[in-house]
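The values are calculated or read from the model by the stated rules, or taken from the named source; none is laboratory data. Just so it is clear, the structure is predicted and the values come from calculations on it, not from any experiment. Here the Cβ positions follow ideal geometry from the backbone for every residue, glycine too, while neighbour counts run over all protein chains shown. These area figures cover heavy atoms from the full protein model, side chains too; ligands, DNA and RNA do not enter into them. Shrake-Rupley method; radii C 1.70, N 1.55, O 1.52, S 1.80 Å.
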Amino acid sequence: SRPGAPQRGARGAGARRGTEAAASGFPPFCRPRHFQRSSNVFVVPLWDITSRWLPPELARPASAAAAPRRDATAATEDAGAAPLAPGAEGTQDGNLLDCGNPSEGGVEVDAECEAALDGGEDGAASGSESEQSEVAWDGVVMGQDQVWTRAVVDSALVLMRRVTAAPPRTAAAVAPAASEGPEVRYGLGLSAALFEALGSSSTQQLDRRLTEVLQQREPSWFVCALRSGHFAGSVFRGPEAVVHKVIKRYTVRAKAGGAQSSKDNSTGKAKSAGSQLRRYGEQALAEEIKELMTTKWASEIAACDLIFVSVSKRMRSTLIGTEKAPYVAFSKVRKMPFMVGRPTFEAVKEAHLRLASVVFADEKTFEAMAAPFQAAAAPEPAPSQGHTPSAPSTAAAPKADDAREVVEPRRPVYREDEDEDFTSLHRAAADGNVEQIYELLDGGADPTARDGKGRVPFYLCASAKSREAFRRWRGMHEDAWNWQASQVPEGITEESEQMKKEKEKEKKKKLKEKQKQSKAKLKEEEEERKRAEEEEIRLLEAAQAKCDACGKPIVAKPFERLSFLYCSTDCVNSHRRML
């Protein structure tokens, strides 16, 4: 209870995190503030990584750099221009590169080595369409070498690489040939949005892309999202937002949901005032986004290396244009492999931080994260009768140049019935069984449990009633679970329903009063209009000349006699007789 006790406890927890990071072989820049407890990993932004840091597998070992260049060239020629060992790439003239000595947690490389690792202009990875750039959730990353694999961190798909922790500089100097104890390994990962399609990618290409990203400290990216009439976008230089904007328009039908254009396409155009307002909102939103992309932010977006979008297929043309009339360079567009909530500036900043963060996982956590995505073991062919299997020979092994020709075992298609993490609550939510949802939640089913694809039960709800069931159960058991982790929105209680009914009642009452006032105003305006017309007629009659015989207004040329005016000859004769 002393004032200094909580601070010492916080420092103690931070010290423990730092000790665990050091024991796992992580680089020294993995600080306690980077630790993500929900996933048991360190998530480090690119701008917090030590300058020019690289893991040992992506840089030249010091022992290879110390060998004479002519010996390396001669060895290459004797081997028939065989490829160099991984991490020992040479330059175009066959000379080895001195990429420096191992340092704590990795290796620092010079500019010449960076160019070799980047692969030059020929090896640079070219962009692709958004549908191709998003890495799929299924399939084998790179054969059975177990170097690269998929993983899920905070419901986002990442690509992880298994790396070996580099020994400290002093230990490498004392015992360069061998180290005491087993090797310390850990997983290093980036968001899948930073990689292209894996169809023709090799381990070396993935390593090259990882090297390119790790060498960036202030990436120039454009992140934007469009959903339900809300747009948010920002151009980032490192952690700083250069420009940003949020646009809101009324485009979604209240209660019924869905955009007005979708409703028009399915059932025809409605003629209500609300539908016209929503159509105008969609048109105005599209025009504002186009002006922003092609005029106001054109120079900033053109200077960006990558463009990350979160948008549905139907609204994709509204956000980035079409192939015939693009707003941005489609080769730079990447689709974010995670869900972005309502587009706001805060949501865009959070998405940018997730994209620009490097994941560090210890070996145990790495194995657990990679297990759901591992390829199934290839069945061994049964030996035929009368044939004695011979010992494997080195000649039968495929060469490094033929690695791509090796048939890779395909991972089975994801099936919910075969997923051990797919619970009964997941099934009830996917089927929309409201009664079973209540029974399972009352029986202690965990709404925060995630299946093999990292999905919570509420995410699989197929109907509004099933989603309402989760919200009602949350309203009755607010303290039972971590509802933020379960992604269940605010709970529905009797008080909230009563407040909603009262609000609707008050809204209808105000609407009736408004309609009554409008009718009274219209009636008053109509009476005022009639009074004005009558007064105008009276004034017009007063201004006109009248017949001296009958007293009626003279609308035509009058008949004159002496100083009298008449409207007709009858009035002339009758007035003369009267006189």
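Observations, loosely collected:
- For VAL242, the amide hydrogen comes within under 5 Å of the amide hydrogens of VAL235, PHE236, ARG237, counting only partners 5 or more places away or on other chains and with H modelled in the peptide plane.
- The range 357-363 - phi-based ³J(HN,Hα) in whole Hz, Karplus 6.51/-1.76/1.60, Gly and Pro as x: 9, 9, 9, 10, 10, 5, 4
- Net charge contributed by nearby residues that have their C-beta within less than 13 Å of GLU502 (K/R +1, D/E -1): +3
- Protein-only accessible surface order, largest first, of LYS512, LYS557 at 1.4 Å: LYS557, LYS512
- Length gained when the stretch LYS507-SER563 is fully extended (0.36 nm per residue, less Cα-Cα span): 13.0 nm
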